[in-house]
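Have a look at the structure below before the remarks.
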Amino acid sequence: MKKFNRLCVSFIVCLFFVLSIRGYQIVTHGTENSSQKVMLGTKPLCIANRKTMCPNAQTKSYRVKGQYYVPQKHIEYKEKGVASYYGIRDKFHGKKTATGEIFNAYGLTAAHKTLPLPCYVKVTNLKNGKSLILKVNDRGPFFKAKRKVEDRIIDVSEKAAKELGFYYAGTTRVKVETLPEESLELQNNGTEIERS
C-alpha cells in the first residue's frame, strides 16, 4: 500500500511538472468590483465563477519597461480608475497598434494593459456621467519614468477624450466595463459595432 501511495504522489508531481513545462499555470485576476477568478492553462478553464473565455483573442504575455504583464483570458472586467488619452501630440497617430491595426486618433479606440485584444468596453466619465463604447485594440497606458500612472487603467483616443469631456483636463476618473457579447463577435467573426 505504501508503494502504491508513493507511486500516486510521484505521478501527481510529474504531472504538475509536465504541465508547468508546457505553459500551463494558475493565473488569478481580480478587480475591486469582482470576485476572484481562477484559470488553468493556455486554453483556460474558469474554476471560480463561470466566465466567458476568449479563445480567439490576443492574450500573449508581454514586457514593457521592465514590467511583465499577463493579459486575462476571460472577457468580463469592471473597474474604476483614471483614464488618460493619447494620439497626435504623442506621435502615435498612424502607427501600428498591438492588434496590427493603424492607430487613428480620430477613431473611437482605447488601450488597456491586460484585456484580451480586441474587445469592446463602455467607458463612463464619473465626473460628468458621459459614456462611450470604445474598441480596445492596443496596450497601455505606459509612460516615461517620472510620470505617475499607477492608477491609470485605460488610455483612450483623442476623439474619445473629447466626447467624454476630459480632453482639456488630460485625465479623469472613469468606470470601465467590457461588453462580452460584442467582444466575442468581434474576436470570432470580426463583426464591429455599427455606429451612427
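Just so it is clear, none of the values below were taken in a lab; they were calculated from the coordinates. Owing to the predicted nature of the structure, the values given are computational and were not obtained by experimental measurement. Every residue, glycine as well, gets a Cβ built from its backbone with ideal geometry; the counts of neighbours run over all protein chains shown.
In terms of Cα atoms, the Rg and Dmax of region 84-196 work out to 13.3, 41 Å.
Stretching R173 away from E185 to a fully extended chain increases their span by 1.5 nm, per 0.36 nm per residue minus the current alpha-carbon distance. Starting from the amide H of E76, placed 1.01 Å from N in the peptide plane, find each other amide H under 5 Å away whose residue is 5 or more places distant or on another chain. Here T52 satisfy the definition. Loop-located trypsin sites (Lys or Arg not before Pro) in region 94-196 (DSSP state other than H, G, I, E, B) with a sparse environment of at most 11 neighbouring Cβ atoms within 10 Å: K95, K144, K146, R147, K148, R195. Taking other residues whose beta carbon is less than 14 angstrom from the beta carbon of T191, and scoring Lys, Arg as +1 and Asp, Glu as -1, yields -3.
The string of couplings for region 67-75 from the Karplus curve (6.51, -1.76, 1.60, θ = phi - 60°) is 9, 9, 10, 10, x, 6, 9, 10, 8 Hz, one whole number per residue in order, with x for Gly and Pro.
Annotation for region 88-196: chymotrypsin sites (Phe, Trp or Tyr not before Pro) lying in DSSP loop with at most 12 further Cβ atoms inside 10 Å of their Cβ are Y168.
Measuring r between the beta carbons of K95 and K65 and using R0 = 22 Å, the FRET efficiency lands at 0.80. Each of T114 and D151 was given a label point 7 Å from its Cα along the Cα-to-Cβ line. The distance between the two points is 1.9 nm. For region 148-196, run through the GluC sites (Glu not before Pro) and keep only the ones in DSSP coil with at most 11 other Cβ atoms within 10 Å of their Cβ. Hits after loop and neighbour filter: E150, E194. Here the 3J(HN,Hα) profile of region 109-125, calculated from phi with Karplus coefficients 6.51, -1.76 and 1.60 at θ = phi - 60°, is 10, 8, 10, 9, 6, 10, 6, x, 9, x, 7, 10, 10, 9, 10, 10, 6 Hz, Gly and Pro shown as x.
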